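To start, the structure itself, in C-alpha cells.
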Amino acid sequence: MRIEQRLAERELILPEPMQTPKNLVLPFPWVRLWPPHLPGRAFVSAHGPLLPDGSLPKGILGKVGAEVSETDAYEAARLTGLSVLASLQRALGDLDRVTGWLRVFGMVNAAQGFTNTPGVINGFSDLILDLWGPEHGVHARSAIGVSELPLGLPVEIEAEVAID
Amino acid sequence: MRIEQRLAERELILPEPMQTPKNLVLPFPWVRLWPPHLPGRAFVSAHGPLLPDGSLPKGILGKVGAEVSETDAYEAARLTGLSVLASLQRALGDLDRVTGWLRVFGMVNAAQGFTNTPGVINGFSDLILDLWGPEHGVHARSAIGVSELPLGLPVEIEAEVAID
Amino acid sequence: MRIEQRLAERELILPEPMQTPKNLVLPFPWVRLWPPHLPGRAFVSAHGPLLPDGSLPKGILGKVGAEVSETDAYEAARLTGLSVLASLQRALGDLDRVTGWLRVFGMVNAAQGFTNTPGVINGFSDLILDLWGPEHGVHARSAIGVSELPLGLPVEIEAEVAID
C-alpha cells in the first residue's frame, strides 16, 4: 500500500463513489479488468472530477476558457485523477497493483478558441507522476478539446493501466 | 452460436456491409484482430448506424439535440451496436468468440448544449449487456460530444474486445 | 531496417523532435512501451504534423474546412505519420520492430460543417499502408472532428502498435 501511504502523506483524499443524478443511468463499471486472472489490464471509463463526498464540484462545471478558468480546469483534472484512483482502489484493493500507466486520454470541454488543453490535463499527469514516479507513472497521452461532456463536466479522462 | 441465437430470438438483424458513398475511400478494415493466433483482441474501428441493407439511416443524420432527437439518437446507438456485431461476425465467424467486452468509446455528434451523451450511448451498452450478459458484456465506457462525425452520422462507436 | 530503407527510397524524412513552445510543458513521452520485455505494445501519444526540423508547419494550422483546406489537411495527416514514425524510431531503434498496426485514432480540428474527416486521416493511413504493406500496416481506425486541438494543430493522431 505504498501509493495509499503517499496519498496520506500528501493529505489527498480519494472521493466516495459518484453521486449519480437521478435521471442518469450508467450501465457500466468505472473499471474493467481483463483478463480475470493476473497480470492484466484495467480499462478505466471516462471519469470526471468529484468532491470527497462523491458530488460534482459545482463551482467548476462548464466550458474551459469561458465559465471555467485554466487554473480551475487544471484543478479539475487533478480531482479527476483522485476520482480515477478511487475507482481503481475499489476495483483492486491496493493501488500498488497498478504497475504501469499506459495510456491517458484527456478530454477538455473547451470553449471556442481554447487550445491549451495539454496545460489542463497536466493536472492529471502531474498527480500520477508524483505518486508512481517516472518509471511506473509515465504514460502515453492525448489532450483534446471536445464540444460537450456529460453533465457539463470541464474535464473527463479515460485510461488504460497494467496491473499485477 | 449462442449470441446469434439470441439475436434471432429478439428478431434483430445484423446489417449488410456499409454502402460506402462513391467519393469516400476507407482504407482500413472494420475489425483488426491481433495477434494472428488466439486468444487475442479485436480492435473495432468507429462504426455508425446502418439499416439492414447497409445504407445510412437518412432520417436520423445530423446533430443530436437539434436535427436528431435524444430518442432517435439512442436508437442510432443501438443500430450502431448491430453494425459492430455484423463486422465482428464477418471477422470471427461466430460471435461467441467475443468473450469479453473491454472498452467502448462512444462519440455523439452533439448540438451545442446537448450533454446527455451517456443516455445516447446507452443504446449500445444496453444491447451488448442484453446479448452477452453482465459477466462478459460489461465494459469500460466513455460517451462524449464531438463537433463533427463522418457523413453527419449522429453517433459513432469504437471498441476493443477480447476474443477466444 | 526495411522500413527505414523504404522511407529513403521515397525520399521521406523523419522530423527532429518537436520544438516545444517555451510555455508548454508536456510531462509524458511520445511513445510508451509495455511490457518492458518483448513482444509487447507501443502506446503512441497524440502527435501532430512537424516540419523536418521539428517546428510546426505554420502555414497549415487552424480549422480544417476554414483556414486549412482539405488537401492541406491530408498533407498534415501524412506529416503526422512521419512525426509518429520518428518517435517510434527513437523509442525502438528500428521501425521493423513494429510488426502490426492495431488502432489509429484520428482527430481533425474541424470547422463547423466539415465532415470529410476520413478523407483527411487517409493521409496517415495511406503512408502506413505504403510502408508496411497490407498485412502488417492494416489498422482499425476512427476519424472524428474535435472542437479544439493543442496549438491549433489541424490534425492529431493517437495509435497503438504491436512490437517484437
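Where a number appears in this text, it was derived from the coordinates with a stated rule and is not lab data. This structure is a prediction, so every number in the text was calculated from the model and none was measured. With ideal geometry, Cβ positions are generated from the backbone for all residues, glycine too; neighbour counts draw on all protein chains shown.
For every other residue with a beta carbon closer than 12 angstrom to the beta carbon of A:Ile157, add +1 if it is Lys or Arg and -1 if Asp or Glu, then tell me the sum.
Values: positive: A:Arg78, A:Arg103, A:Arg141; negative: A:Glu156, A:Glu158, A:Glu160.
Within the 12 Å Cβ shell, the charges total 0.
Of B:Thr115, A:Thr99, C:Thr71, how do they rank once you tally other Cβ atoms within 10 Å and put the fewest first?
Working: B:Thr115 18, A:Thr99 15, C:Thr71 12.
So the residues, fewest neighbours to most, are C:Thr71, A:Thr99, B:Thr115.
By Cβ position, which chain A residue lies least far from the axis that rotates chain A onto chain C, and what is the distance to the nearest whole angstrom?
Per the A/C rotation axis, the closest residue of A reads A:Ser147, 3.
GNM, chain B, Cα, under 10 Å: largest mean-square fluctuation among B:Leu24, B:Leu149, B:Leu56?
Greatest mean-square fluctuation among the candidates belongs to B:Leu24.
With the Cα gyration tensor of the range A:100-164 giving a ≥ b ≥ c as the square roots of its eigenvalues, does the rule (a/c under 1.5 for rounded; else a/b larger than b/c for prolate; else oblate) give rounded, prolate or oblate?
On the way: a/c = 2.71, a/b = 1.99, b/c = 1.36.
Note, shape of the range A:100-164 comes out prolate.
As a test, work out the antiparallel percent of DSSP beta bridges whose residues both lie in the range A:48-164, rounded to the nearest 5.
Details: 9 of 18 bridges.
Restricted to the range A:48-164, the bridges split so that about 50 percent are antiparallel.
When a/c reaches 1.5 or more, the comparison of a/b and b/c decides; with that in mind, is the range C:10-80 rounded, prolate or oblate per its Cα gyration tensor?
On the way: a/c = 2.04, a/b = 1.65, b/c = 1.23.
Taking the square roots of the gyration eigenvalues as a ≥ b ≥ c, the range C:10-80 is prolate.
May I ask you to report, in nm to one decimal and beginning with the shortest, the distances from A:Asn23 to the same position in the other copies, taking label points 7 Å along Cα-to-Cβ?
4.0, 4.0
Between helix B:117-137 and chain B, what is the angle of the helix's C-alpha long axis to the longest principal axis, kept within 0 to 90° and rounded to the nearest 10?
So the helix axis and the longest Cα principal axis differ by about 10 degrees.
Run through all the Cα pairs of the range B:42-163 and give the fraction in each 5 Å bin from 0, expressed as whole percent.
Cα pair-distance distribution for the range B:42-163, in percent: 2, 13, 24, 26, 18, 11, 5, 1, 0.
Rounding to the nearest 20 debye, state how big the charge dipole of the protein assembly as shown is about its Cα centre with +1 on each Lys and Arg Cβ and -1 on each Asp and Glu Cβ. Each step should come with its number before you reach the end.
Details: 39 positive and 57 negative charges, 48 e Å.
In debye, rounded to 20, the protein assembly as shown gives about 240.
Mind jotting down the distance between the C-alpha centroids of the range C:107-134 and the range C:1-79, whole Å?
14
Counting other Cβ atoms within 10 Å of each Cβ, which trypsin sites (Lys or Arg not before Pro) in the range A:8-46 have at most 11 and sit in a DSSP loop? Provide the component values of the computation, followed by the final result.
Working: sites: A:Arg10, A:Lys22, A:Arg32, A:Arg41; in loops: A:Arg10, A:Lys22.
Loop-located and lightly packed - A:Arg10, A:Lys22.
7 Å along Cα→Cβ for the label point: how many nanometres lie between B:Ser55 and each equivalent label in the other copies, listed shortest first?
Ordered by increasing distance: 5.3, 5.3 nm.
Based on DSSP H runs of at least 4 residues, each adding -39500 (n - 2.57), what is the mean residue ellipticity at 222 nm of chain B after dividing by all its residues, to the nearest 500 deg cm²/dmol?
Taking each H run of at least 4 residues, the total per residue is -10500 deg cm²/dmol.
Can you give the net charge of the other residues whose Cβ lies under 14 Å from the Cβ of A:Val44, counting K and R as +1 and D and E as -1? Working shown, then result.
Values: positive: A:Arg32, A:Arg41, A:Arg90, A:Arg97, A:Arg103, A:Arg141, B:Arg103, B:Arg141; negative: A:Glu156, A:Glu158, A:Glu160, B:Glu160.
Once all neighbours under 14 Å are counted, the net charge is +4.
For peptide B:103-110, compute the average count of partner chain beta-carbon atoms within 10 Å of each residue's beta-carbon.
Numbers: counts 8, 4, 7, 1, 5, 4, 4, 5.
Rounded to a whole number, the mean comes out at 5.
To the nearest 10 degrees, how steeply does helix A:70-92 sit against the main Cα axis of chain A, on a 0 to 90 scale?
Result, in degrees: 30.
GNM on chain A, C-alpha springs below 10 Å: top fluctuator among A:Gly59, A:Gly48, A:Gly93?
In the Gaussian network model the winner is A:Gly59.
Suppose you put the label 7 Å out from Cα in the Cβ direction; list, shortest first and in nm with one decimal, how far C:Leu12 is from each other copy's label.
For C:Leu12, the other copies' label points sit at 4.0, 4.0 nm, shortest first.
With point charges of +1 on the Cβ of Lys and Arg and -1 on the Cβ of Asp and Glu, referenced to the Cα centre of the range A:50-164, which listed residue (A:Ala76, A:Leu95, A:Gly113) lies farthest in the positive direction of the dipole?
A:Gly113
Can you give the average number of partner chain beta-carbon atoms within 10 Å of each beta-carbon in peptide C:27-39, as a whole number? Let's see the in-between values first.
Details: counts 13, 15, 5, 2, 1, 9, 4, 11, 5, 2, 0, 0, 1.
Per residue, the average neighbour count from other chains is 5.
First check a/c for the protein assembly as shown, with a ≥ b ≥ c the square roots of the eigenvalues of its C-alpha gyration tensor; if it is under 1.5, answer rounded, and if not, answer prolate when a/b is larger than b/c or oblate otherwise. Can you show the working numbers first?
Values: a/c = 1.16, a/b = 1.00, b/c = 1.16.
Rounded, because the longest to shortest axis ratio a/c is under 1.5.
Modelling each spin label as a point 7 Å along the Cα-to-Cβ direction, I'd like the B:Lys22/C:His37 distance in nm, to one decimal.
5.7
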